[in-house]
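**Q** This is the structure, below, for whatever I ask next.
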Amino acid sequence: MKKGLLVCFSVLLFSSLHSTAQETDSSTGLIVAEGWETVRATCTECHSAQLITSNSGSRAVWKSRILWMQDTQGLQQLTQDTEDTILSYLADHYGQKEASRRAALPAALMPANPYPTQD
Ligand code: HEC
């Protein structure tokens, strides 16, 4: 009986991990999804894709990075199609992150302060 439960949990755990895991390209680390090959071809000539995968941002943020590289780093002009493909891929897979910290607890839920200030 116990064993059965364990197997059951393992299966659940495995399938939930499996469904959220995204396939990444083993050489660049880019998430394999629509547009990734365009990103690999356009964006890994000057620096590693790690610079991309370690960043995140909205479509507008990614667009501004591209403009910055075009203005100052010699990134070629992209066709509208290429730029759209790249921006959609980046915004979808390396989008704006939610704040990683939870909001602070309301004071009423906090434990009593053992070090009250004397005032
Ligand atoms: C012509 C060369 C070149 C190409 C092609 C290029 N980049 Fe860059 N990129 C740079 C340089 C140079 C830097 C600055 C690197 C550094 O700070 O060490 C940079 C920095 C970045 C950064 C970090 C920006 C930051 O705020 O720190 C990101 C993200 C980035 N590139 C994404 C891309 C993407 C996406 C593409 C494809 C559209 C791309 N790069 C194509 C030259 C290029």
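The values are calculated or read from the model by the stated rules, or taken from the named source; none is laboratory data. Treat the numbers as computed from the prediction; the structure is a model and nothing was measured. Every residue, glycine among them, receives a Cβ derived from its backbone with ideal geometry; neighbour counts consider all protein chains shown. All accessible areas refer to the heavy atoms of the entire protein, side chains included, with ligands and DNA or RNA removed. Shrake-Rupley method; radii C 1.70, N 1.55, O 1.52, S 1.80 Å.
**Q** Just one of (1) open to solvent by less than 50 Å² (accessible area, probe 1.4 Å); (2) at pLDDT below 95; (3) of a type in the set (G, A, S) trips up A21, so point out which.
**A** Among (1) open to solvent by less than 50 Å² (accessible area, probe 1.4 Å); (2) at pLDDT below 95; (3) of a type in the set (G, A, S), the lone unmet condition for A21 is (1).
For (1) touching a Cys at 6+ places or on another chain (Cβ under 9 Å); (2) under 23 Å from G29 (Cα atoms); (3) without any contact (Cβ under 8 Å) to a residue 60 or more places away in the chain; (4) open to solvent by less than 80 Å² (accessible area, probe 1.4 Å), each residue gets a yes or a no:
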site	(1), (2), (3), (4)
T44	no, yes, yes, yes
L51	yes, yes, yes, no
S56	no, yes, yes, yes
R65	no, yes, yes, yes
D71	no, no, yes, no
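**Q** Then there's this: Tell me the residue from R65, R59, R40 that is more than 10 Å from the ligand (Cβ to nearest atom) and of a type in the set (K, R), please.
**A** Result of the check over R65, R59, R40: R59.
**Q** State which residue is nearest to A33 (Cα to Cα) when the search covers only region 77-119 and only residues that are within 16 Å of the ligand (Cβ to nearest atom) and surrounded by fewer than 10 Cβ atoms within 10 Å (Cβ to Cβ).
**A** Checked region 77-119; the qualifying residue nearest to A33 (Cα to Cα) is D81.
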